[in-house]
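The values are calculated or read from the model by the stated rules, or taken from the named source; none is laboratory data. No experiment lies behind these values; they were computed from the predicted model shown. No Cβ is skipped: glycine too gets one built from the backbone with ideal geometry, and neighbour counts run over all protein chains shown.
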Amino acid sequence: MTDATPHGGQPSPPLPRVRLVDVAREAGLSKTTVSAALNGTGRLSPEVREKARETARRMGYRPNATARHLRAGRARLIGYVVGEFAEAPWTFLESPYFARLTAATAATSLRRGYAVVLLPAGSLQSEWADLSLDAVVVADPVAGDPVVDDLLAAHIPVFSDRSVEGRPGAYWVDVDAGAAVRDVLDHVREQGARRPVLVVPDSTTRFHDEVFAAHRAWCAAHGLPERVVRVAEPGNGPVVRAVETALAGAGSPGGQGPGGERPDGERPGGGRPEDEHPDGERPDALVVVAEASPPLVLEAVRRHGYRVPDDLLLVLVSEDVTAEHTAPPVTTLSLRPEAVAEAGVEHLVAVLEHGRRESAGTLVPTRLDVRASSVRPG
């Protein structure tokens, strides 16, 4: 790397910073008046306040953030990490849920005067130790995630899911995953389904642990076998293959998976041997908790000869807006990422600016958007 510009010249010197006194001189106002106008304080006429602000905008004035942060004792920076994707740190941005959660967290924080710094999952302490972080949001940490312990040991407030409940310096926002799964299963049962299959990530987050537990309890309460296909990794491809395992495996004689087992014990469709359906009957409902494109899931269902909703009821846990525009429109369970972000930032502000120290949390209700894919005709 050289000091020369791409055109072979010397780099341009930095432009001199516009000072508050420069704005005051240009506007013909005192420095105190301009400061009050920009901070929204003081008894100023609307005309004077607007003149000061317009002059500051035109001149490119920016307050000295470093000095302000030193006075406040905060850098107003919030770290943000998604714990579930440690092996592929940035793939969470491909997930509609995490993309919306991240965007909502950044936008809500910015409205409260904080900027969000994205950190990779599986971060080592050396990667964030030199950043002046006021707090860190850890979305969906996996069991035993060391980043939570490291942050708390460094006395940095952590905002996460309910897995951190009761830990000093940690605050949580979560959804009631168990109630949400029961609502979905009750809904498809009311529509006549008796052989629902669950497609779920093979994950150790609290959310997915609760999904497994709620599904098991629901099946036991209704005297039904547990029909589960686990997805080893995120992404449309693995989820669609798991959906195909759920559908093709159930329709084969004796409940065998499509094409039998591989030497390593894994099914070609993406499921594992224990995931095949106990009685070999075709499923009549599919609940896909692992995120995938609704059009791709619908196409996979049709390739296996199912009609939705006549033969198969379909529900996806998804924030993908394409679900409303498929034929038929797909029923989705929304985890309401914007509401989760809003509640999380409220906790953050209460801790950083109002001095709250006791552990606290918020449970955000989910929303089941029932559409034609899960409603039996007639």
Enumerate the strands (runs of 3 or more DSSP E) found wholly within segment 111-221, keeping only those where 1 or more residues are free of Cβ contacts under 8 Å to residues at least 60 places away in the same chain. 115-118, 135-139, 158-160
Tabulated pairs, segment 46-61, first charged (D, E, K, R), second outside any helix (DSSP H, G or I), C-beta under 8 angstrom, 6+ apart or interchain: 51/29
Regarding segment 184-193, can at least one residue be identified that is surrounded by fewer than 16 Cβ atoms within 10 Å (Cβ to Cβ) and assigned by TED's automatic domain parsing to the domain that holds residue 342? no
So for segment 269-291 (the condition being assigned by TED's automatic domain parsing to the domain that holds residue 238, surrounded by fewer than 20 Cβ atoms within 10 Å (Cβ to Cβ) and modelled with pLDDT of 85 or more), does at least one residue qualify? yes
How many residues does segment 327-352 hold that are buried (at least 21 other Cβ atoms within 10 Å of the Cβ) and farther than 30 Å from residue 115 by Cβ? 4
Looking only at segment 300-328, how many residues end up being assigned to a loop (DSSP other than H, G, I, E, B), out of contact with any Asp or Glu (no Cβ under 9 Å at 6 or more places or on another chain) and of a type outside the set (Lys, Arg)? 7
Return the total of residues in segment 39-56 being within 40 Å of the chain's Cα centre (by Cα) and surrounded by fewer than 17 Cβ atoms within 10 Å (Cβ to Cβ). 5
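Let's see how each residue does on (1) of a type outside the set (Lys, Arg); (2) within 24 Å of the chain's Cα centre (by Cα); (3) surrounded by fewer than 21 Cβ atoms within 10 Å (Cβ to Cβ):
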| residue | (1), (2), (3) |
| --- | --- |
| 197 | yes, no, no |
| 203 | yes, yes, no |
| 210 | yes, yes, yes |
| 215 | yes, yes, no |
| 218 | yes, no, yes |
| 225 | yes, no, yes |
For the subset of segment 361-376 comprising residues that are of a type in the set (D, E, K, R) and part of a loop (DSSP other than H, G, I, E, B), which member is modelled with the lowest pLDDT? 376
Here are the criteria: (1) closer than 26 Å to residue 283 by Cβ; (2) without any contact (Cβ under 8 Å) to a residue 40 or more places away in the chain. Tell me which single one residue 231 does not satisfy. (2)
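The rows are residues; the columns are (1) hydrophobic (A, V, I, L, M, F, W, C); (2) modelled with pLDDT of 90 or more; (3) over 27 Å from residue 134 (Cβ atoms).
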| site | (1), (2), (3) |
| --- | --- |
| 10 | no, no, yes |
| 16 | no, no, yes |
| 21 | yes, no, yes |
| 29 | yes, yes, yes |
| 42 | no, no, yes |
| 65 | yes, no, no |
| 70 | yes, no, no |
| 78 | yes, yes, no |
| 90 | yes, no, no |
